[in-house]
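Note sheet for the following structure.
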Amino acid sequence: MLVRYKKNCEKIAMGLLSFMPQEKDLKKLQETIHTYENNPNWHLFLWKKGEDFVGLIGLEVSEKVCLIQHITVTPSHRGDGIGKEMVSKVKVFFPCTEIIAAESTKRFYDKCLKQQEGTDD
Ligand SMILES: CC(C)(COP(=O)(O)OP(=O)(O)OC[C@H]1O[C@@H](n2cnc3c(N)ncnc32)[C@H](O)[C@@H]1OP(=O)(O)O)[C@@H](O)C(=O)NCCC(=O)NCCS
């Protein structure tokens, strides 16, 4: 289930964000979480499985476009379809926007699109 980030999950969110290659540095990580907490156009969601938060997707949203800035899944839950499911659930929160990927999430998002189109080999 995709749920909105809340401040009481900050440590968990930072742990998940740190799986992104560009978020390894603590200072950068703190800046990123600060942006999600304070910029009204930046939206952070966590994937809840049972009692655990095992995935994260972060979006920069404008009137027409939803840019996927971050996507991560905890290593022990990778390959179970959570990443693809988080991408597909973005539409539930932002039905009228086109979903696109930032450079940092493009490889995985392209994979999702190919699989949706049935052109993945
Ligand atoms: C990318 C990530 C979120 C995928 O999550 P996941 O829940 O394992 O993904 P799913 O189970 O929905 O999909 C798995 C598929 O995505 C592919 N995949 C995984 N990481 C990928 C990547 N970085 N680029 C392209 N494809 C990727 C897998 O090979 C697999 O392919 P298959 O369906 O043909 O077997 C996860 O691997 C992760 O957290 N990586 C570290 C963070 C990161 O680098 N994020 C940016 C990715 S561009």
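My understanding is that a pair violates if its Cα-Cα distance is over 19 Å; which of 6/48; 6/49; 49/111; 84/111; 28/48; 49/106 do that in this structure?
From the list (6/48; 6/49; 49/111; 84/111; 28/48; 49/106), the Cα-Cα distance tops 19 Å for 49/111; 28/48; 49/106.
Got the relative contact order for the stretch 1-60 handy, in percent, Cα pairs under 8 Å and 6 or more residues apart? RCO, the stretch 1-60: 39 percent. Scalar couplings 3J(HN,Hα) for the stretch 2-17, obtained by applying the Karplus form with A = 6.51, B = -1.76, C = 1.60 to θ = phi - 60°, are 8, 10, 5, 4, 10, 3, 5, 9, 4, 5, 4, 4, 5, x, 5, 4 Hz; x denotes Gly and Pro.
Among bridges DSSP assigns within the chain, what percent are antiparallel (round to 5)?
80 percent
Semi-axes of the equivalent ellipsoid for the stretch 33-72, computed as √(5λ) from the eigenvalues of its C-alpha gyration tensor and ordered from largest down, come to 21, 11, 8 Å. Across the stretch 2-117, the relative contact order, built from alpha-carbon pairs under 8 Å that are at least six residues apart, equals 22 percent.
Couplings 3J(HN,Hα) of the stretch 53-69, computed from phi: 9, 10, x, 8, 9, x, 10, 10, 10, 10, 4, 10, 10, 10, 9, 7, 8 Hz, in residue order, whole Hz [Karplus 6.51 cos²θ - 1.76 cosθ + 1.60, θ = phi - 60°; x for Gly and Pro].
Remark: spin-label model distance residue 49-residue 100 equals 3.2 nm, labels positioned 7 Å along the Cα→Cβ axis. Beyond 21 Å, the tail of the calculated P(r) for the stretch 2-117 holds 31 percent of the Cα pairs. With both labels modelled 7 Å from their Cα along Cα-to-Cβ, the residue 116 to residue 12 distance reads 2.7 nm.
In this structure the amide hydrogen of residue 49, modeled in the peptide plane, comes within under 5 Å of the amide hydrogens of 54, none closer than 5 places in sequence on its chain.
Between residue 93 and residue 107, the modelled labels are 2.4 nm apart [label points 7 Å from Cα along Cα→Cβ].
Values in this text are rule-based calculations from the coordinates and carry no lab data. What you see is a predicted model; the values in this text were computed from it and never measured. Using ideal geometry, Cβ is built from the backbone for each residue, glycine included, and neighbour counts are taken over all protein chains shown.
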